[in-house]
1. If packing is taken as the mean number of other Cβ atoms within 10 Å per residue, what is the order of 57-67, 87-97, highest first?
2. Lys and Arg at +1, Asp and Glu at -1: add these up for the other residues within a Cβ distance under 12 Å of Leu25 and post the number.
3. Just going by the charge dipole of the stretch 2-103, with Lys and Arg at +1 and Asp and Glu at -1 on Cβ, which of Gln47, Tyr24, Ile85 is farthest out on the positive end?
4. On average, how much area does the Cα convex hull of the stretch 2-103 cover when viewed from any direction, in nm²?
5. For every other residue with a beta carbon closer than 11 angstrom to the beta carbon of Tyr44, add +1 if it is Lys or Arg and -1 if Asp or Glu, then tell me the sum.
6. Quick one: dipole size for the stretch 2-103, taken about the Cα centre, charges +1 on Lys/Arg Cβ and -1 on Asp/Glu Cβ, in debye to the nearest 20.
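Bear in mind these aren't lab numbers, they're just calculated from the coordinates by the rules spelled out. Values in this document were obtained by computation on a predicted structure and should not be read as measured data. Glycine gets a Cβ as well: all are built from the backbone with ideal geometry, and neighbour counts include every protein chain shown.
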Amino acid sequence: MQFVQKGIGVEWLYEKAIPIEAQYLYRKARELAERGQIGPALDYFRQAAVIAPRYSQAYYQMGNCLARLGRFPEAIEKYRRAIQIDPSAPKPREKMDCLLSKYGDPG
C-alpha cells in the first residue's frame, strides 16, 4: 500500500512497511538514475534493499540499472527477486521476459 503526501512541489510516496531510510535511499537513487548516473544509483538501490529486503521496487530498479549497464544476467536476477516479493507487479515480469527473449536464461 502506498500513501501520497504532497509537499512543496514534490510528491512523496510512502510504502507501507518500508523503513523511511530505505525510501530516502530509493528516492535518491531514482534522482541519480534520471540524471544518467547509473553506477551511483545502483549503489543507492542496493543500500535500500539491504535496509528493506522486501522492497520489490528497489530490486526492480536495480534490474533496470543493470540492464542499462549491459549486465543482463544480473538484471534478470534482480527482476526475479522483485517478482518473488511482489508477484502481482507486471513491470518486473515484462522487463525480465524481454531480456530472456533477447539473451536467454543465464541461470
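1. 57-67, 87-97
2. Working: positive: Arg27, Lys28, Arg30, Arg46; negative: Glu21, Glu31, Asp43.
That sum, taken over residues with Cβ under 12 Å, equals +1.
3. The listed residue farthest towards the positive side: Ile85.
4. With every direction weighted equally, the projected area is 6.5 nm².
5. Values: positive: Arg27, Lys28, Arg30, Arg46; negative: Glu31, Asp43.
Neighbourhood net charge equals +2.
6. 120
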